[in-house]
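Every number here is computed from the coordinates shown, using simple stated rules; none is lab data. What you are looking at is a predicted structure, and each value in this text was computed from that prediction instead of being measured. Methodologically, a virtual Cβ is constructed for each residue, glycine included, from the backbone with ideal geometry; neighbour enumeration extends over all protein chains shown.
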Amino acid sequence: MSNGRSSTWILVGIGAVIVAAVLTVILIAHQRSRPLSIHGAVIRGNSDTRKQSPITDVVVSGGEMAPMETKSDFSGYFKLTLRRGVRRGDIVALHFRRPDYGPVNLKVPVGDQLLVIRMTPTHPESDAPSNGPTTSVSNVFVRYAIETGTSENIGTGTKTFQVENKGDVPCNGHPPCSPDGKWKAALGSASLDAGDGNVYRNARLSCIAGPCPFTRIQTDDFSQGGRKTSVTVLDWSDTTTFLLQAEVYRYQVSDITRESYPVIFGDSLNFTLPAAAEGPSLEAELGGVGIVFPLGPSPLLSWADCNVRVGKDQSKMYRCQLKPGYQFR
């Protein structure tokens with residue numbers, strides 16, 4: 001009997017090993033069938049690391065190894081997906097192309113390395129003066145508006161009200177009653193309306209006459225403030241008098257104009273705008289003449305190529321590269 005059980009467990013163990021081996025083979029085959037990819041970043045070649053700005057819209061291709069070409073994004077990042085069948089260690093011929101930059105061709109083995117590609121501008125900064133007359137770009141700054149709101153105290157809302165009742169009268173189960181159910185009680189209420197565009201703050205209620213200890217706030221719609229505020233009081237003794245007061249505030253919206261200065265390294269200009277910025281514009285002197293350039297969703301400047309990226313918080317980052325024939329002063 002014990003031999004039979006032992007044989008059964010042996011068979012179960014062998015079966016488990018076989019299943020694990022089959023699953024391993026399937027997993028390896030699946031991973032090998034998935035296409036590999038090459039990742040990297042494209043930046044400007046410059047000995048000054050502050051001037052190695054990312055290059056957008058660089059066309060990246062891999063010849064027969066990659067069925068589809070790709071482009072670098074705002075940060076210079078690219079991901080080139082290789083065709084199925086390409087394995088790690090295979091050599092891929094990569095090609096990088098973009099107008100105004102010299103072409104880059106290189107061969108790399110397929111692996112996990114992160115490539116950093118440096119492309120050289122066809123119009124280097126140092127060559128600009130020797131190529132002919134240039135237009136100076138100076139006094140560059142960004143102007144935008146921010147909507148802001150302020151609250152101004154414009155007065156106080158006041159109302160007195162009474163809760164009329166006669167004390168020492170048994171309730172006998174006819175509400176409203178005192179909290180312990182013994183005495184006949186009465187309810188009294190009051191409300192305030194601050195008016196359109198106004199709100200109440202710091203609302204408070206006070207008992208100013210009568211047997212105040214025998215009262216209780218039944219409903220509180222005044223503590224949180226707001227345009228309308230109200231209160232209901234329970235009184236289980238003689239008549240009491242209450243005072244309801246609150247400060248009245250008006251919320252006013254206004255636009256504040258702000259200015260900021262971009263960061264310039266070489267012929268690259270960078271700046272960011274908050275999500276709430278409205279009507280942004282870039283102002284600069286071209287050849288000594290001040291000009292305003294509105295910044296739309298896709299900024300177009302006669303003297304620079306600009307790209308913009310919208311962040312998760314809706315802030316905007318701008319990067320502009322001077323066109324040939326212009327130079328920052």
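Database remark: amide H of Gly45 closer than 5 angstrom to the amide H of Met119, Thr120 (H placed geometrically; neighbours at sequence offset of 5 or more, or on other chains; Pro and chain starts carry no H). Here the dipole of the chain is about 1620 debye; that uses its Cα centre as origin and unit charges on the Cβ of Lys and Arg (positive) and Asp and Glu (negative). Listed here are the pairs Lys159/Lys228; Lys159/Lys182; Lys71/Lys323; Lys79/Lys323; Lys107/Lys323; Lys159/Lys184; which of them are more than 23 Å apart at the Cα? Violating the 23 Å Cα-Cα cut-off are Lys159/Lys182; Lys79/Lys323; Lys107/Lys323; Lys159/Lys184.
To the nearest ten degrees, helix 2-33 and the longest principal axis of the Cα atoms of the chain are 70 degrees apart.
Add +1 for every Lys or Arg and -1 for every Asp or Glu among the other residues with Cβ under 10 Å from the Cβ of Val59, and state the total. Local net charge: +1. Placing unit charges on the Cβ atoms of the charged side chains and taking the dipole of the chain about its Cα centre, the candidate lying farthest along the positive direction among Leu80, Gly296, Tyr318 is Leu80. Which shape class applies to the chain: rounded if a/c is under 1.5, otherwise prolate when a/b exceeds b/c and oblate if not, where a ≥ b ≥ c are the square roots of the Cα gyration tensor eigenvalues? Judged from the Cα gyration tensor, the chain comes out oblate (a/c at least 1.5, b/c at or above a/b).
Toward the positive end of the charge dipole of the chain, with +1 on the Cβ of Lys and Arg and -1 on the Cβ of Asp and Glu, the farthest Cα among Thr49, Ile146, Ile217 is that of Thr49.
Our coupling estimate for the stretch 167-184, obtained by passing each phi through the Karplus curve with A = 6.51, B = -1.76, C = 1.60 and θ = phi - 60°, is x, 6, 9, x, 7, 6, x, 10, x, x, 10, 5, x, 8, x, 7, 10, 5 Hz, Gly and Pro reported as x. Protection proxy ranking of 245-251, 153-159, by the mean of other Cβ atoms within 10 Å over each peptide's residues and highest first, is 245-251, 153-159.
What FRET efficiency would be calculated for the residue pair Ile208, Thr257, taking the C-beta separation as r and a Förster radius of 56 Å, to the nearest 0.05?
0.65
According to the square roots a ≥ b ≥ c of the eigenvalues of the Cα gyration tensor, what is the shape class of the stretch 102-252, taking rounded for a/c under 1.5, prolate for a/b larger than b/c otherwise, and oblate for the remainder? Here the stretch 102-252 falls in the prolate category. Seen from Phe271, the other residues with C-beta closer than 10 Å to its C-beta sum to a net charge of +2, counting Lys and Arg as +1 and Asp and Glu as -1.
Local charge for Ser37 was computed over the other residues whose Cβ lies under 14 Å away, with Lys and Arg +1 and Asp and Glu -1, and equals +3.
Annotation for Leu106 and Arg143: the two label points, set 7 Å from Cα along the Cα-Cβ direction, are 4.5 nm apart. For the stretch 148-253, the dipole from Cβ point charges (+1 on Lys and Arg, -1 on Asp and Glu) about the Cα centre works out to 60 debye, to the nearest 20.
For the chain, averaging the sequence separation of C-alpha pairs within contact (under 8 Å, six or more residues apart) and dividing by the residue count gives a relative contact order of 17 percent. Note on the chain: with a GNM built from Cα contacts shorter than 10 Å, the maximum mean-square fluctuation among Thr122, Thr257, Thr160 falls on Thr160. In the elastic network of the chain, a GNM with C-alpha springs shorter than 10 Å, the most mobile of Ala66, Ala93, Ala186 is Ala186. For the stretch 77-177, which GluC sites (Glu not before Pro) are both in a DSSP coil and crowded by at most 14 other Cβ atoms within 10 Å? Passing both the DSSP loop test and the Cβ count: Glu164.
For the chain, set up a GNM with springs between Cα atoms under 10 Å and report which of Asp238, Asp48, Asp267 has the largest fluctuation. Among Asp238, Asp48, Asp267, the largest mean-square fluctuation in the Gaussian network model of the chain belongs to Asp238.
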